[in-house]
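Reviewing the structure listed below.
The values are calculated or read from the model by the stated rules, or taken from the named source; none is laboratory data. None of the values given here were measured: they were computed from a predicted structure. Neighbour counts run over all protein chains shown; Cβ positions are idealised from the backbone, glycine included.
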Amino acid sequence: MISLKADPSFAEKGLHFGIVEAFYPDSSKWDTEAFEALKEAELAQLREEMADYVRADVFGTHPYNRYFKKYKKTYPVLQQLESYLLKGRPFPSGNPINEVTFLTELRTRMLLGTHDFDCIHGDLVLFCPTEKIDFTGLRNETVHCYPGDVTGRDDDGIILSMIAGADARTCLHPESCHIAYLFFGAPGVTEEEMRNVQERLMGYARVLVPSIELHPQIY
């Protein structure tokens, strides 16, 4: 299990951060038909719930939307939801491990990350930097964390930023099977809310792989 630590710059903000460690067996043991049925049912319910979608009603006082606006950014889950609901773009597919993440984000509007657990070296230390720090983003471009943003590093450098996203080294790869699902807590998000989202994600994962081994924790 990841040793999750927080330095004072993160701890003083009173934010929560969660992890679900997941061990996926060989894909021959996955029940992809059951997961597809679940996914379609969840997306149908989402479309029904959001039939009269108005951005201001859903995201006007949303804690993550407020957080991203501070950095003059658009909340990515808002973009994902509107791309699906309003622009008719298909649900991202291809790797069910990542689909579990996307489905959880759409149904809960909480921001998640998906990383290869075995590529995280040493402790995961949460901090909020005082200046921009460059790192290699998941598309192998140079990105940077932002002053005050929730950021995480391991022994080899920065691996995540709430605003800038995941790094290239630890992000999900096609061969990844030991997974760290990460849950970012914005100001105002309670531990109970985060735990409920963890439970939803784990429920989705268990439909895909009934025998999956899962270990949740919350800071």
Top-ranked residue of segment 64-97 - restricted to ones that are assigned to a helix (DSSP H, G or I) and aliphatic (A, V, I, L, M), ranked as farthest from Ser3 (Cα to Cα): Leu85
Counted residues, segment 10-39 - those being in a loop (DSSP other than H, G, I, E, B), over 30 Å from Asp149 (Cα atoms) and not hydroxyl-bearing (Ser, Thr, Tyr): 4
Strands (runs of 3 or more DSSP E) lying entirely in segment 98-169 (those with 2 or more residues that are without any contact (Cβ under 8 Å) to a residue 60 or more places away in the chain): 133-136, 142-145, 151-154, 157-161
Among the residues listed as Ile179, Ile158, Ile212, the single one being within 20 Å of Pro8 (Cα to Cα) and either among the aliphatic types (A, V, I, L, M) or modelled with pLDDT of 95 or more (or both): Ile158
Residue within segment 168-176 that is closer than 19 Å to Glu105 by Cβ and of a type in the set (Lys, Arg) present: no
Segment 84-115: number of residues that are farther than 15 Å from Ala205 by Cα, among the charged types (D, E, K, R) and touching a helix residue (DSSP H, G or I) at 6+ places or on another chain (Cβ under 7 Å): 2
